[in-house]
Amino acid sequence: MTNFDSIIIGAGISGLYQLHKCRDELNLKTLAIEEGTDIGGTWYWNRYPGARCDSESHTYGYTFSKKIYKNWTWKEKFPNQATILKYLKYVEKKLNLRKDILFNNKIISAKYLERKNLWQVKTNKNKVLFCKYLICAVGSLSAANIPKLRGLNKYEGKYYHTGRWPKKSVNLKDQVVAQIGTGSSGIQVAPEIAKVVKKLVIFQRTPNYSIPARNKKLTKEFIINFKKDYEKIKKLLKKTPGGHTFSFPNRSVFDFNNMERNKIYEKAWIKGSLAFRACFGDITKNIKANKTASNFIEKKILKIVKDKKVAKILTNFDHPFTSKRPTLNTNYYETFNKKNVQLVDLKSNPIIKITKKGIKTKKNNFIFDKIIFATGYDALTGPLLSLKLVGKNQTKLKDLWSKKPKTYLGIMIPKFPNLFIVQGPGSPSVLTNVPVQIEQHVEWITNCLRFLESKKKKSIETSLSSAKKWSSEIKKLADASLFMKAKSSWYKGDNIPGKPKVFIPYPGGLPRYRNICNKVEINQYKEFLIK
Ligand SMILES: Cc1cc2nc3c(=O)[nH]c(=O)nc-3n(C[C@H](O)[C@H](O)[C@H](O)COP(=O)(O)OP(=O)(O)OC[C@H]3O[C@@H](n4cnc5c(N)ncnc54)[C@H](O)[C@@H]3O)c2cc1C
């Protein structure tokens, strides 16, 4: 029997930091288990052309170590996949983590053995391991979703999901390629592959608002300053609701006339980045204020895209700006001015089936060499459900969560003692600059484990009533936000058939959330069942 104090599932940003904390700070015998053949998580799997971070480089990473922060030099405003992977390898090496990671093993089930107070974990390579604490660092956007399209199994060409992009480069040169999906990844991949393919046909279900990234090389001065300002930046990231360096100003859209307002939008559009949504304090809160931003972006798209019919499809919005994940782009809209790019509106011309040679829609029969699915993820709950977790009294997670995900703080699940989640459903997670949320979670979990170990406790468990209260808090905040104005969004589980339709992440912002978590910790986890 192989026993560990703690097992961590996943070796992305979360898993790596949690391994360091458990092993080096708490002295727990710890193993991280990773399905991939290397570290990196999101940045290991998402190797598609154009894969890039939307958070600014000097804010996207670990801040727990001044040395690690200062010794790494980001060179671009928005780092690409290869750079982030390199950065994570640099951190992993500094902390000497690799020796305690089991790669190429996917956890296929995990069961709580009540009498032994141990978690039994099984991998797809027939390994059976046991631990006291099971920490799920499985990511919120790691369960790639390929929609169940009729005929896909008979398709004779090759198909790929952006989130499971092969390590070997995919030859797209002079090929006729379909791209299904126009979310964050779709918006990034299209301009890159349009440069090499013979023809690219993009299938759009819902258009997305996208802001220009305006990526650029960082100046020497900027690099010197971000390193010098380490403490300041670290503090700032903790203060803002999204864990970015920008916060939302007090000024309202309605403090300005049309001309003044447009000037502000124009300046932010030229500057690029996610900070566009912070032009005014009420864009993300008030539907009328939001309309001015949505209209501004729509006008920009109509101006960039030359073919009026295509421009109309790209602006046929069914949701307010920021009610779905905001995206950045580099020449996405310009891509539709290329002769080798075609847009298909799935609203008027839906996919009927995948044929042996391509895609049959209501109006057309397309032939493709390759199909790219940029169709996103079974977000937040998907990776956890696929662990086939069984808790106390044989409680299956899939049954407990059949109507909605039940967690307390997005970290613990009732009936699942000693099991922790990093950025789970019910935490701010995907609504933030994620590494900031990850550090907060890993540090909270570490402090909780330290408490349990120092008091020689066997187990900790949250209650159904805590989870119920937490769900109500999320619902109350979500109902008052613009997020619920989106007709369909993966924040609400709308992209996965059969998934409960509830708002999944915590929408109250990081500082408020952090305060709640801190109080729980200061009160020595009084609302938990501790044995
Ligand atoms: C394309 C893309 C772009 C993104 N851009 C941004 C951005 O700009 N800013 C931002 O803040 N966030 C962004 N994110 C979110 C990103 O996921 C987080 O920033 C961060 O990388 C999450 O780290 P993690 O370690 O929590 O999860 P992940 O990086 O997802 O790592 C989880 C790991 O767990 C492993 N795993 C899962 N299940 C199992 C299992 N059963 N057995 C074994 N191993 C398992 C996976 O293989 C994976 O390696 C983006 C996500 C995607 C997909």
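The values are calculated or read from the model by the stated rules, or taken from the named source; none is laboratory data. Since the structure is predicted, the reported quantities are computational estimates derived from the model, not experimental observations. Note that each Cβ is placed from the backbone with ideal geometry, even for glycine, and that neighbours are counted across all protein chains shown.
Kindly check whether there is at least one residue in segment 367-380 that is of a type outside the set (A, V, I, L, M, F, W, C), modelled with pLDDT of 95 or more and surrounded by fewer than 16 Cβ atoms within 10 Å (Cβ to Cβ). Among the residues of segment 367-380, not one is of a type outside the set (A, V, I, L, M, F, W, C), modelled with pLDDT of 95 or more and surrounded by fewer than 16 Cβ atoms within 10 Å (Cβ to Cβ), which makes the answer no.
A single member of 443, 473 is out of contact with any Pro (no Cβ under 8 Å at 6 or more places or on another chain) and closer than 12 Å to residue 503 by Cβ, and it is 473. Of the residues screened, residue 140 is one that is under 30 Å from residue 100 (Cβ atoms), within 12 Å of the ligand (Cβ to nearest atom), touching a Ser or Thr at 6+ places or on another chain (Cβ under 9 Å) and polar (S, T, N, Q). When restricted to residues that are of a type in the set (S, T, N, Q) and either over 28 Å from residue 108 (Cβ atoms) or within 16 Å of the ligand (Cβ to nearest atom) (or both), segment 143-163 contains 2.
Screening the candidates 210, 185 for the property of being closer than 17 Å to residue 336 by Cβ and in contact with a helix residue (DSSP H, G or I) (Cβ under 6 Å, 6 or more places away or on another chain) yields one hit, 210. Exactly one residue among 449, 380, 384 is touching a Pro at 6+ places or on another chain (Cβ under 9 Å) and assigned to a helix (DSSP H, G or I), and that residue is 384. Figure legend. Inter-residue proximity from segment 144-169: first residues surrounded by 14 or more Cβ atoms within 10 Å (Cβ to Cβ), second residues in a strand (DSSP E or B) and among the charged types (D, E, K, R), beta-carbon distance below 9 Å, spacing 6+ or different chains. Indicated pairs: 149/353; 151/353; 151/360; 152/353; 157/370; 158/370; 159/370; 160/370. For segment 174-206, the candidate set comprises residues that are among the charged types (D, E, K, R) and more than 15 Å from the ligand (Cβ to nearest atom); within that set, the residue that is surrounded by the fewest Cβ atoms within 10 Å (Cβ to Cβ) is 174. Just to be sure before I move on: is residue 414 within 24 Å of residue 501 (Cα to Cα), away from the ligand (no atom under 16 Å from the Cβ) and not in a helix (DSSP H, G or I) in the structure I sent? The answer is yes for residue 414. Only residues that are outside any strand (DSSP E or B), touching a Lys or Arg at 6+ places or on another chain (Cβ under 7 Å) and either in the same structural domain as residue 31 (by TED's automatic domain parsing) or modelled with pLDDT under 95 (or both) were counted across segment 117-163, and they come to 2. Among the residues in segment 53-73, are any within 14 Å of residue 12 (Cα to Cα), crowded, with 18+ Cβ neighbours inside 10 Å, free of Cβ contacts under 8 Å to residues at least 40 places away in the same chain and not acidic (Asp, Glu)? No: zero hits. Per this entry, residue 166 is counted among residues that are over 30 Å from residue 322 (Cβ atoms) and either within 16 Å of the ligand (Cβ to nearest atom) or in a helix (DSSP H, G or I) (or both).
Residues in segment 425-459 that are of a type in the set (Ser, Thr, Tyr) and in contact with a helix residue (DSSP H, G or I) (Cβ under 6 Å, 6 or more places away or on another chain): 429, 432, 446.
Which residues, taken from segment 169-217, are in a strand (DSSP E or B), farther than 18 Å from residue 159 by Cβ and among the β-branched types (Val, Ile, Thr)? Answer for segment 169-217, where residues must be in a strand (DSSP E or B), farther than 18 Å from residue 159 by Cβ and among the β-branched types (Val, Ile, Thr): just 211. Among the numbered conditions (1) of a type outside the set (Lys, Arg); (2) in contact (Cβ under 8 Å) with a residue 40 or more places away in the chain; (3) part of a helix (DSSP H, G or I); (4) not assigned by TED's automatic domain parsing to the domain that holds residue 174, tell me where residue 301 comes up short. Evaluating residue 301 over (1) of a type outside the set (Lys, Arg); (2) in contact (Cβ under 8 Å) with a residue 40 or more places away in the chain; (3) part of a helix (DSSP H, G or I); (4) not assigned by TED's automatic domain parsing to the domain that holds residue 174 leaves (2) as the failure. In the set 238, 220, only one residue is within 17 Å of residue 60 (Cβ to Cβ) and either assigned by TED's automatic domain parsing to the domain that holds residue 514 or modelled with pLDDT of 95 or more (or both); that residue is 238. Checking 100, 38, 24 one by one, the residue that is surrounded by fewer than 23 Cβ atoms within 10 Å (Cβ to Cβ) and either within 10 Å of the ligand (Cβ to nearest atom) or not assigned by TED's automatic domain parsing to the domain that holds residue 126 (or both) is 38 and no other. Among the criteria (1) crowded, with 21+ Cβ neighbours inside 10 Å; (2) within 10 Å of the ligand (Cβ to nearest atom), the one residue 106 does not fulfil is (1).
Does residue 128 satisfy being more than 13 Å from the ligand (Cβ to nearest atom) and farther than 30 Å from residue 425 by Cβ? In short, no. Contact map, segment 420-434: residues that are at positive phi and outside any loop (DSSP other than H, G, I, E, B) paired with residues that are near the ligand (Cβ under 10 Å from one of its atoms) and modelled with pLDDT of 95 or more, Cβ distance under 8 Å, separation 6+ or inter-chain. Pairs shown: 429/140; 429/423; 429/437. Residues in segment 471-491 that are in a helix (DSSP H, G or I) and surrounded by fewer than 21 Cβ atoms within 10 Å (Cβ to Cβ): 471, 472, 473, 475, 476, 477, 478, 479, 484, 485. Being modelled with pLDDT under 95 and of a type in the set (Val, Ile, Thr) holds for only one residue in 2, 42, and it is 2.
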